[in-house]
1. Can you confirm whether the range 220-241 contains a residue that is under 20 Å from the mean Cα position of the chain (by Cα), of a type in the set (S, T, N, Q) and outside any loop (DSSP other than H, G, I, E, B)?
2. Looking at ALA162, ALA110, can you tell me which residue is more than 22 Å from SER61 (Cβ to Cβ), modelled with pLDDT of 95 or more and out of contact with any helix residue (DSSP H, G or I) (no Cβ under 8 Å at 6 or more places or on another chain)?
3. Can you tell me which residue is nearest to the chain's Cα centre (by Cα) among those in the range 57-95 that are of a type in the set (D, E, K, R) and away from the ligand (no atom under 16 Å from the Cβ)?
4. Would you list the strands (runs of 3 or more DSSP E) that sit entirely within the range 101-197 and hold 1 or more residues that are farther than 18 Å from PHE85 by Cβ, more than 16 Å from the ligand (Cβ to nearest atom) and touching a residue at least 24 places away in the same chain (Cβ under 8 Å)?
5. With (1) of a type outside the set (Val, Ile, Thr); (2) in contact with a Lys or Arg (Cβ under 8 Å, 6 or more places away or on another chain); (3) not in a loop (DSSP other than H, G, I, E, B) as the list, and PRO89 as the residue in question, which single condition is left unmet?
6. In this structure, does SER88 turn out to be touching a His at 6+ places or on another chain (Cβ under 9 Å) and among the hydroxyl-bearing types (Ser, Thr, Tyr)?
7. Would you check which residues across the range 5-28 are within 14 Å of the ligand (Cβ to nearest atom), among the basic types (Lys, Arg) and either under 16 Å from ALA53 (Cβ atoms) or not in a helix (DSSP H, G or I) (or both) and list them?
8. Scanning for something touching a helix residue (DSSP H, G or I) at 6+ places or on another chain (Cβ under 9 Å) and on the phi > 0 side of the Ramachandran plot, does the range 66-73 turn up at least one residue?
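The values are calculated or read from the model by the stated rules, or taken from the named source; none is laboratory data. The structure presented is a predicted model; accordingly, all values stated were derived computationally and were not measured. Here Cβ is always computed from backbone atoms with ideal geometry, including for glycine, and neighbour counts include all displayed protein chains.
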Amino acid sequence: MGVAERVATITVNRPDKLNALNDRVIAELGEAIDEARTNADVGGVILTGAGRAFIAGADISQLEHQEPIGLKALAQRGQVVFRRFETSPKPVIAAVNGFALGGGCELAMACHIRIASETAKFGQPEVKLGLTPGYGGTQRLPRLVGKGRALQLLLTGEIIDAHEAFRIGLVNRVVPADQLIATATTMMQTILANAPLALGACIEVVNAGYDLPLEDAMTLEATAFGLLAATEDKREGTRAFLEKRAPGFKGV
Ligand code: COA
């Protein structure tokens, strides 16, 4: 992990195996996101891959000799780490530079925003191996792109390009490969110009409210909205806005 101007970059660095996720890589991803979450110098995270892949999935060689209990435990270890990305109060952007297959697509979906290079490829090909996704693909994919499109990808195992991923709502933006990190960094700087507690609260309320009945979710939102009144960022931000709009206004 490297940190520059409050942006931590986590690079999955196993390019000879297209950054396939073995136990070590999963553990290191967990350490990296926890470090980013706790390091006061970090405001947000960009996740990317070294070489021509983002992540080409779980390491298939590690899946080969697993029994049911071991394979379930492996899925759950990864799920816990991916959830650390999803619940990070600091925004996480996936800068998808190449293959995002299986666990790669799943980790990208656990990030808050996805920017894809034109060369990126997405898919959940687990059925071709006689498996389901294990790191959240059956759950996050329908939530992002809708049930019908998700089932098409899950059942065919087909791989789609970045433009198709954008069309179905799987990624937020597609950019030329040489602009990927710069675009992610610029978007992150735009985000980090905003109040950090408000950013964390947005992420928390979206995550916590997503599967609740609307009324309960709205209560969560109102609570966060109200609590932010206690922050200096809210007082300053509101005051600055009103003073700009209505010079002399002192009532905030
Ligand atoms: N697990 C372990 N190793 C993997 C891997 C994975 N998921 N994906 C790629 N690799 C390894 C290959 O075995 C190869 O290693 P080697 O050079 O030691 O033989 C290396 O990465 C390069 O991959 P290769 O297949 O030669 O590249 P390619 O450009 O011909 O094909 C892919 C790229 C992504 C289409 C192909 O590697 C692939 O289908 N990978 C598996 C994708 C998948 O099913 N993921 C879901 C797993 S649950």
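1. Within the range 220-241, the first condition is being under 20 Å from the mean Cα position of the chain (by Cα), and the residues that meet it are none.
Within the range 220-241, not a single residue is under 20 Å from the mean Cα position of the chain (by Cα), of a type in the set (S, T, N, Q) and outside any loop (DSSP other than H, G, I, E, B).
2. Only one candidate qualifies: ALA162.
3. Of the range 57-95, the ones of a type in the set (D, E, K, R) are 59, 64, 67, 72, 77, 83-84, 86, 90.
Subsequent filtering for residues that are away from the ligand (no atom under 16 Å from the Cβ) retains 67, 83-84, 86, 90.
Details: GLU67: 30, ARG83: 9, ARG84: 10, GLU86: 6, LYS90: 11 Å.
Among them, the one singled out is GLU86.
4. Values: elements: 113-117, 121-123, 173-175.
The strands (runs of 3 or more DSSP E) meeting that bar are 173-175.
5. (3)
6. Details: touching a His at 6+ places or on another chain (Cβ under 9 Å): yes; among the hydroxyl-bearing types (Ser, Thr, Tyr): yes.
The answer is yes for SER88.
7. First, pick out the residues of the range 5-28 that are within 14 Å of the ligand (Cβ to nearest atom): 12-26.
Checking the rest, the ones that are also among the basic types (Lys, Arg) come to 14, 17, 24.
Hits for the range 5-28 are ARG14, LYS17.
8. Pass one, the range 66-73, residues touching a helix residue (DSSP H, G or I) at 6+ places or on another chain (Cβ under 9 Å): 66, 71.
Filter once more, keeping what is on the phi > 0 side of the Ramachandran plot: none.
Scanning the range 66-73, I find no residue that is touching a helix residue (DSSP H, G or I) at 6+ places or on another chain (Cβ under 9 Å) and on the phi > 0 side of the Ramachandran plot, so the answer is no.
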